[in-house]
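Have a look at the structure below before the remarks.
Each reported figure results from applying straightforward, stated rules to the coordinates on display, with no laboratory input. What you are looking at is a predicted structure, and each value in this text was computed from that prediction instead of being measured. No Cβ is skipped: glycine too gets one built from the backbone with ideal geometry, and neighbour counts run over all protein chains shown.
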Amino acid sequence: MIVSMKKQFFLFVAVGLLATGVVRGDDVSEGKALKRYNSDELVVSATKTLNSISDAGGSSVTVITAEEIENSGQQSVEEVLKGNPGIDIASNGGPGTNTSIFLRGADSKYTLVLIDGVPANDPAEGSRSPNLSHLTTDNIERIEIVRGPASLLFGSGASAGLINIITKKGSSTPEAYAGIEGGSYSTYKYYAGANGRKGIFDYSFSASRLKSDGFSATDEENSCVNPAGESFEDDGYENTSLSGNIGLHLNEHVTFETVMRYTNANSQYDGPGVDVVGNEQDAEQLNGRVALTMDYEPLVSTMYYNFNRQDRDYLTDGALSSTYHGYLYELGWQGDLAVADNNTISAGLNYQHESMQNESFGMYASAIDQDISSNSIFIQDQWRSDGVQLIGGIRYEDNEQFGGETTFRFAPSWTVDHTVFKCSYGTAFRAPSLYQLYSPYGNEDLSAETSKGWDAGFEHSFSDDVKVGVTYFRIDYEDRIDFDMNTWTYAQVDGKTKTFGVESFAEWAASNDFFLTFNYTYTLTEDPDGSQLLRRPKNKVALSGTYDLSEKTKLSTSLRWVGSRKDSGAKDENCIVTNKLDSYFLVNLSGSCQLTDSIALYGRVDNLFDEDYEDAWRYATPGRSAYAGIKLIY
């Protein structure tokens with residue numbers, strides 16, 4: 001690389017800091033605080049415009065706020081996502097190991113992960129699937145989850161939906177903080193950050209360092225894997241993360257914003273069902289966005305440059321065995337025209353280029369150096385009147401490999417008294433990954449995977465404190481790409497792959513001090529042969545609650561029951577192959593205490609009852625573990 005990721009990050013920060021020395025202006029007033037309950041959270045991912053959830057039409061949206069992330073006490077995004085409706089996550093071991101996300105039962109490759117609107121799926125990964133294993137919760141303002149086809153706004157890869165992780169912005173009151181925590185598996189983390197606003201300049205920075213001895217990725221408690229009851233080697237993990245968000249409000253109409261997140265991680269891992277000493281992965285990730293927004297009513301116009309860089313090196317006993325380097329950048333424009341108070345038309349242009357370099361050494365040495373680009377245009381209309389909201393649009397994307405794809409989406413809702421009826425229908429596509437096209441197992445004749453999805457449901461508020469909702473969903477996938485064991489190449493699968501089910505939730509704000517949420521998801525999956533897809537439970541239940549014991553003390557708990565799942569080769573306690581993973585029940589506790597205005601104590605206990613379970617056959621999960629920390633605020 002001409003300039004390393006670390007140098008790029010620090011150069012970016014330095015430019016932002018230098019800008020503060022030459023730009024001056026009046027303070028920008030802070031926005032009003034939002035209510036915590038009843039769909040008043042802001043969301044941008046559902047329509048690519050800033051709305052409350054209640055103004056997102058028929059979209060199925062969940063927002064995880066900074067407060068909820070803090071209450072959970074969790075340090076990784078994947079742990080925060082678990083327990084939310086319609087999402088299942090499976091990891092191949094402990095921290096830093098490969099993670100699969102199943103949104104509404106779909107393959108992981110059909111979920112698009114964004115960081116501040118920047119695609120974060122790895123262009124060099126085999127199927128361009130997202131991997132959250134190195135993403136910490138540092139400096140995150142909120143996480144938006146949109147369930148259902150989203151190719152209209154975000155193009156290839158959002159067939160099942162998307163997850164958008166949004167960085168904090170500076171507030172009018174400057175604040176700095178630092179903290180340290182530690183706990184089970186010889187884990188420790190120290191971190192610091194600052195945010196604020198001065199004149200026309202706002203900023204938010206964070207830095208953290210996490211290290212853990214971990215536990216064996218291969219499940220040593222599984223008697224079918226470890227019949228002799230041996231002690232396996234621990235697979236450790238290290239993570240250094242930096243995050244920054246800088247905004248310049250050049251005047252009341254023009255804003256310049258830069259956002260960046262850098263991660264450097266090292267993880268040890270095992271083979272499938274085999275305790276291996278000496279396997280390591282070194283990973284670097286750098287995501288960023290530069291955007292110029294001009295707000296001259298009735299038109300808001302944004303020009304942007306997004307980039308996503310991911311490097312992975314695999315080592316065996318210190319020797320390099322393979323390298324993967326993926327890079328994606330986008331240039332685009334979006335315009336939002338307020339035709340009337342109740343009607344907004346959005347249009348966008350986007351150019352995307354992705355590339356990958358891969359080199360494998362040893363007996364099966366190979367090398368790949370390929371790239372691909374696409375151009376797209378979309379238009380969307382949002383209209384609302386007397387409780388009716390209509391949201392719809394169309395997109396055309398031209399890929400240089402397989403040509404053009406047209407997708408559309410329609411998402412209306414209708415509010416009657418305290419009940420909202422909503423539905424959506426959309427088409428989507430997923431372009432083959434560079435690896436699927438050009439690797440030694442690739443197939444350049446592959447075309448795009450296509451899908452059609454719809455959902456329908458309602459939400460009802462019994463009062464300001466109690467709300468329930470139920471949604472039925474279905475997505476059909478065609479031309480699905482999979483690995484053909486007969487030809488040892490990637491190929492299109494004949495027939496339809498289906499995912500369908502029901503998502504439901506209930507919220508109860510019993511008082512200003514006590515809040516309880518419940519959700520249940522029922523998911524059925526079928527491949528073209530009628531078989532259930534792997535590692536996806538039919539039934540999942542989650543219950544969480546937060547109780548403010550006093551103005552300074554808070555307790556939170558989350559309970560999660562996950563039903564049995566199909567997994568290839570899984571065995572029962574007698575080591576008889578059943579291809580089924582057992583159900584499990586987890587209880588997590590967390591709490592915090594604000595000792596003074598400047599000192600806070602916090603802690604959590606995960607897997608309180610020390611449940612022995614697996615999310616993926618032969619791979620371990622953490623047992624009962626406890627963590628505590630102290631945070632200083634200035």
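Once you reduce region 488-560 and region 384-431 to the center of their Cα atoms, the two points are 23 Å from each other. Sparse packing (at most 13 other Cβ atoms within 10 Å of the Cβ) combined with a DSSP loop state is found for the following GluC sites (Glu not before Pro) in region 473-577: Glu551, Glu573.
In this label model, Arg474 and Ser373 are separated by 4.1 nm, measuring between points 7 Å along each Cα→Cβ vector.
Hey, which of these cross-link pairs are over 30 Å Cα-Cα: Lys538/Lys631; Lys467/Lys580; Lys498/Lys540? Please list the in-between numbers first.
Values: Lys538/Lys631 40 Å; Lys467/Lys580 35 Å; Lys498/Lys540 19 Å.
Correct reply: Lys538/Lys631; Lys467/Lys580.
So for each of 183-189, 94-100, 262-268, 44-50 I average, over its residues, the number of other beta carbons within 10 Å; can you give me the resulting order with the highest mean first? Intermediate values should be presented prior to the final figure.
On the way: 183-189: 16.9, 94-100: 24.1, 262-268: 22.0, 44-50: 19.9.
The densest-packed peptide leads the list: 94-100, 262-268, 44-50, 183-189.
For log10 I(q)/I(0) by the Debye sum over Cα atoms at q = 0.06, 0.07, 0.10, 0.11 Å⁻¹, computed directly from the structure shown, the correct entry in (i) -0.31, -0.43, -0.94, -1.19; (ii) -0.43, -0.59, -1.13, -1.31; (iii) -0.61, -0.69, -1.00, -1.04 is (i).
Can you tell me how much longer the chain between Asp484 and Glu230 gets when fully stretched, taken as 0.36 nm per residue apart minus their C-alpha distance, in nm with one decimal? Full extension of this stretch gives 87.8 nm more.
Calculate, for Asp381 and Asn512, the FRET efficiency according to 1/(1 + (r/R0)^6) with r their C-beta to C-beta distance and R0 41 Å; round to the nearest 0.05. Efficiency computed from Cβ-Cβ geometry: 0.55. Near Glu359: Cβ cut-off under 15 Å, other residues only, Lys/Arg at +1 and Asp/Glu at -1. The net charge is -3.
Taking every C-alpha pair closer than 8 Å and separated by at least 6 residues, the mean separation divided by the residue count of the chain gives a relative contact order of 12 percent.
Give a quick list of chymotrypsin sites (Phe, Trp or Tyr not before Pro) in region 464-524 that DSSP marks as loop, anything other than H, G, I, E or B, with at most 12 other Cβ atoms within 10 Å. Those that pass, being in a loop and sparsely packed, are Trp488. Expressed as a whole percent, the proportion of Cα-Cα pairs in region 281-347 lying more than 19 Å apart is 56%.
How much length is gained if the chain between Ser223 and Asp597 is pulled fully straight, taking 0.36 nm per residue apart and subtracting their Cα-Cα distance, in nm to one decimal?
Working: separation 374, 0.36 × 374 = 134.64 nm, distance 5.07 nm.
Here the answer is 129.6 nm.
Please state the equivalent ellipsoid semi-axes for region 52-118: what are the square roots of 5 times the Cα gyration tensor eigenvalues, largest first, in whole Å? If you can, show how the numbers build up before the last one.
Working: eigenvalues 94, 59, 25 Å².
Result for region 52-118: semi-axes of 22, 17, 11 Å.
An oblate overall shape is assigned to region 92-161, the ratio a/c of its alpha-carbon gyration tensor axes (a ≥ b ≥ c) being 1.5 or greater and a/b not exceeding b/c. If the chain linking Met294 and Ser321 were pulled fully straight, counting 0.36 nm for each residue of separation and taking away their Cα-Cα distance, it would gain 4.9 nm. For the Cα trace of region 422-539, dividing Rg by the Kirkwood Rh returns an Rg/Rh value of 1.16. Label-to-label distance for Ser447 and Ala178 is 6.1 nm, based on points extended 7 Å past Cα in the beta-carbon direction.
When both region 194-251 and region 614-634 are represented by their alpha-carbon centers, they are found 11 Å apart.
Averaging Cα coordinates gives a centre for region 269-317 and one for region 77-106; these two points are 17 Å apart.
Taking the Cα centre of the chain as origin and assigning +1 to Lys and Arg Cβ atoms and -1 to Asp and Glu Cβ atoms, the resulting dipole is close to 1040 debye.
Simple spin-label estimate for His253 and Ile630 gives 5.3 nm between the two label positions (7 Å along the Cα-to-Cβ direction from each Cα).
Measuring r between the beta carbons of Glu573 and Lys538 and using R0 = 22 Å, the FRET efficiency lands at 0.55.
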